[in-house]
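Asks: After the structure tokens below, expect a handful of questions from me.
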Amino acid sequence: MGVVLGVDIGTSSSKGVLVALDGTVVATVVRSHSVDRPRPGWVEMGAEVWWDEFASIARELVASAGEPVVAVGVSGMGPCVALADDSGAPLRPAILYGVDTRATVQIERLTASLGADEILSRGGSALSTQAAGPKIAWVAENEPDVFAAARKLFMPASWLAFKLTGEYVLDHQSASQCSPLYDSVAQQWYEPWAAPIVGQIELPRLVWADTVVGAVSAAASDETGLPAGIPVVSGTIDAWTEAVSVGAQTPGDLMLMYGTTMFLVNTIADRITIPELWGTVGAFEGTRNLAGGMATSGAITGWLRELFGSPDYPTLLAEAADSAPGAHGLLMLPYLAGERTPIADPDARGIIAGLTIEHTRGDLYRAALEATAMGVRHNVEAIRAAGGTIERVVAVGGGTQGDLWLQIVSDVTGLTQVVPSVTIGASYGAAFLAAGAVASVDIGVWNAVERTVLPRRELAANYHELYSLYREQYPATASIVHVLAARQKDSW
């Protein structure tokens, strides 16, 4: 019968999963890694790491599989800018998605020259640190030798597909976050805007996330242990592959991805464009999304854990649970790496208000979880204000393994969340897409709902008051933290 392999390249790790064609998880492998932060606002990673970890994961899983691997699906963080020469060899570390904020000058210049309204109308999203186009322009202006040698543009999923098959492709969803290079109305590259930015770079052929782009080559088979000739499916950016993994594809569905960053993908019936959110095409042909993303969420809890001397997460969660709703009067802004949606401010910074000598690490940890929940509520309000509807919320990602974070998000937002039986996320979604290449599969059968998280109505008034204060924090402190952000850039 066979099994399928799904691999996702994430911000803090690469994950691989073998899945039977009925959706049963056979085996999983994780390879942890870290990103490079050579300067404040710069976040990079070598594309070579993506392939090395994929090959290592594949070899381990193939060796443990009791049945042959019959198809491969890939996924990865994005939108990223990995520039390569004509042979596909990387020329510099990949510039990562919205957490990398280096291209602010290029964002401002392109917005002024092309027109903010025109960019939003054609591309679906305002130019921000999430957009790939300004980052390409940054390379052209700051590393001209690298840019002059560049002939190909990759993201993690498309890089893996290229290494496996030799095919140079990119899925439409990823392309729709390459603003202003992509026309989301015509759903093709927009040459009048793309050509001046990418120059001699050949933009990849566009496909959909469920497209079989080729077969595993003999050379890739030698490196990975995968059978030569089996199909490889394009896949897409991890958040959208996570949405695939839990079946959040119907208008009114909202996927919440609990990871290093928090991501929201709302499936919409008709195209909606507002500057505060990202209007994109979906993973599948005919679908559209409104999306939002926080620059940090799980990254904050990891940062706190290191500051606290690396106690285990169950201990920290237990201490946070012993704190009280509102963390005994603490209120945090979670903008420790700037913020993406809905404020789009790369120079925003974190704030912890109300701190006293009596506060404990449990209070601080709870305040961090509540801060991410406040950020989710801010994004949810932006989605609804834009005309998006939210009828079903599906939670996925590593943060769903415990109950506290999920419960706090439901309490703060008032949203009921459903949690499916498999929440490992993008690697499972990539495996599902791969299975579709060789069998008829249904994600509702593969991954049924396991539990439901209900908001506690008795906490609504308390969190509503705190949320009002949360919304006041940013405008009240922005002028101060912008000065501090500038000083930070000058001090490193």
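The values are calculated or read from the model by the stated rules, or taken from the named source; none is laboratory data. Keep in mind it's a predicted model, so treat the numbers as computed, not measured. Note that we place each Cβ from the backbone using ideal geometry, even for glycine, and neighbour counts take in every protein chain shown. Keep in mind that these areas ignore ligands, DNA and RNA; they rest on the heavy atoms of the full protein, side chains included. Shrake-Rupley method; radii C 1.70, N 1.55, O 1.52, S 1.80 Å.
Asks: Between residue 480 and residue 33, 0.36 nm times their residue separation minus their Cα-Cα distance comes to what?
Replies: The span from residue 480 to residue 33 would gain 157.5 nm if fully extended.
Asks: At a 1.4 Å probe, what is the % contribution of carbon and sulfur to the accessible area of region 151-192?
Replies: 43
Asks: Shifting gears a bit: Does region 398-492 classify as rounded, prolate or oblate by the C-alpha gyration tensor (a ≥ b ≥ c root eigenvalues; a/c under 1.5 gives rounded; else a/b over b/c gives prolate, otherwise oblate)?
Replies: Because a/c hits 1.5 or more and a/b fails to exceed b/c, region 398-492 counts as oblate.
Asks: Another question, then. So who's got an amide H within less than 5 Å of the one on residue 207, skipping anything under 5 residues away but keeping other chains? H placed 1.01 Å off N, in plane.
Replies: Residues meeting the amide H criterion: 170, 171, 172.
Asks: I'd like the carbon and sulfur percentage of the solvent accessible area for region 1-95, probe radius 1.4 Å, heavy atoms only, ligands and nucleic acids excluded.
Replies: Details: 1690 of 3330 Å².
Ligands and nucleic acids excluded, carbon and sulfur reach 51 percent.
Asks: Another question about this same structure. Can you tell me the length gained on complete extension of the stretch residue 271 to residue 462, counting 0.36 nm per residue apart and subtracting the Cα distance?
Replies: 65.2 nm
Asks: Give me the orientation-averaged projected area of the Cα convex hull of region 133-289, in nm², one decimal.
Replies: For region 133-289, averaging the hull's shadow over all directions gives 10.8 nm².
Asks: Among the DSSP beta bridges whose two residues both lie in the chain, what percent are antiparallel, rounded to the nearest 5?
Replies: 70
Asks: Does region 159-247 come out rounded, prolate or oblate by the C-alpha gyration tensor, with a ≥ b ≥ c the root eigenvalues, rounded set by a/c under 1.5 and, if not, prolate when a/b is larger than b/c and oblate if not?
Replies: oblate
Asks: Among 353, 236, 203, whose Cα sits farthest toward the positive end of the charge dipole of the chain (+1 at Cβ of Lys/Arg, -1 at Cβ of Asp/Glu, about the Cα centre)?
Replies: Value: 353.
Asks: Which order do the peptides 438-446, 279-287 come out in when sorted by mean C-beta neighbours inside 10 angstrom, highest first? Mind showing how you got there, number by number?
Replies: Values: 438-446: 15.1, 279-287: 20.6.
Sorting 438-446, 279-287 by mean packing, highest first, produces 279-287, 438-446.
Asks: While we're on this one: Provide, for the chain, the number of lysine pairs with alpha carbons under 24 Å apart, each pair being eight or more places apart or on different chains.
Replies: Step by step, the pairs that qualify in the chain add up to 5.
Asks: If we sort 375-388, 422-435, 476-489 on the protection proxy, mean other Cβ atoms within 10 Å, highest first, what's the order?
Replies: On the way: 375-388: 20.2, 422-435: 29.8, 476-489: 13.6.
The most tightly packed comes first, giving 422-435, 375-388, 476-489.
Asks: Moving on. Using the alpha-carbon centroid of each, what span in Å lies between region 35-105 and region 138-171?
Replies: 11
Asks: What are the residues whose amide H is under 5 Å from the amide H of residue 71, where those residues sit 5 or more places off or on another chain and H is modelled from the backbone?
Replies: Distant-sequence amide H within range of residue 71: 5.
Asks: Then there is this: Per 0.36 nm of contour for each residue apart, how much would the distance between residue 284 and residue 64 grow if the chain were fully extended, relative to their Cα-Cα spacing? List each step's numbers first, then the result.
Replies: On the way: separation 220, 0.36 × 220 = 79.20 nm, distance 3.20 nm.
Result for the pair: 76.0 nm of gain on full extension.
Asks: Quick check: pseudo-label points 7 Å beyond the Cα along Cα→Cβ at residue 357 and residue 146, how many nm apart are they?
Replies: Here the answer is 4.8 nm between the modelled labels.
Asks: How big is region 296-419 by the Kirkwood estimate over distinct Cα pairs, in Å?
Replies: 15.1
Asks: Oh, and also: How high is the relative contact order of the chain, in percent, with contacts defined as C-alpha pairs under 8 Å that are six or more residues apart? Could you put the intermediate results ahead of the total?
Replies: Working: 1182 pairs, mean separation 81.3, N = 492.
Rounded, it is 17 percent for the chain.
Asks: Which percent of the accessible heavy-atom area of region 268-316 goes to carbon and sulfur, probe 1.4 angstrom?
Replies: Values: 990 of 1970 Å².
C and S atoms contribute 50 percent here.
Asks: Next up: Per residue, how much accessible area does region 424-492 have with a 1.4 Å probe, in Å²? Mind dumping the intermediate values first?
Replies: Details: 3970 Å² over 69 residues.
Normalised by residue count, the accessible surface of region 424-492 is 58 Å².
Asks: Using +1 on the beta carbon of Lys and Arg, -1 on that of Asp and Glu, and nothing else charged, what's the dipole of region 280-345 about the Cα centre, debye to 20?
Replies: 200
Asks: Just want the answer: with Cβ charges of +1 for Lys and Arg and -1 for Asp and Glu, which residue in 168, 433, 258 is farthest toward the dipole's positive end in the chain?
Replies: Selected residue: 258.
Asks: Report, in debye and to the nearest 20, how large the dipole of the chain comes out about its Cα centre when Lys and Arg carry +1 and Asp and Glu carry -1 on their Cβ.
Replies: With only Lys, Arg, Asp and Glu charged at Cβ, the dipole is about 420 debye.
Asks: Okay, moving on. How large is the translational diffusion coefficient of region 199-253 in µm² per second when you combine the Kirkwood radius over alpha carbon pairs with Stokes-Einstein at 4 °C and 1.567 mPa s?
Replies: This corresponds to a translational diffusion coefficient of 94 µm²/s.
Asks: Please state, to two decimals, what the Cα-based radius of gyration of the chain comes to when divided by 2.2 N^0.38 Å (N = residues).
Replies: Here the answer is 0.93, to two decimals.
Asks: Rounded, prolate or oblate: which one fits region 47-135, using the alpha carbon gyration tensor with axes a ≥ b ≥ c (rounded when a/c is under 1.5, else prolate when a/b beats b/c, else oblate)?
Replies: prolate
Asks: To the nearest whole percent, what portion of all C-alpha pairs in region 261-307 is separated by more than 16 angstrom?
Replies: Numbers: 532 of 1081 pairs.
Result: 49 percent of Cα pairs exceed 16 Å.
Asks: In addition: Run lengths n ≥ 4 of DSSP H only: what is the helix-derived mean residue ellipticity at 222 nm for the chain, with -39500 (n - 2.57) per run over all residues, to the nearest 500?
Replies: -12000 deg cm²/dmol
Asks: Also, I was wondering about something else. Compute the accessible area per residue over region 1-102, keeping the other protein chains in place, probe 1.4 Å, unit Å².
Replies: Per residue, region 1-102 has 33 Å² of solvent-accessible surface.
Asks: Continuing with this model, one more query. Between the alpha-carbon centers of region 346-381 and region 455-492, tell me the distance in whole angstrom.
Replies: 8
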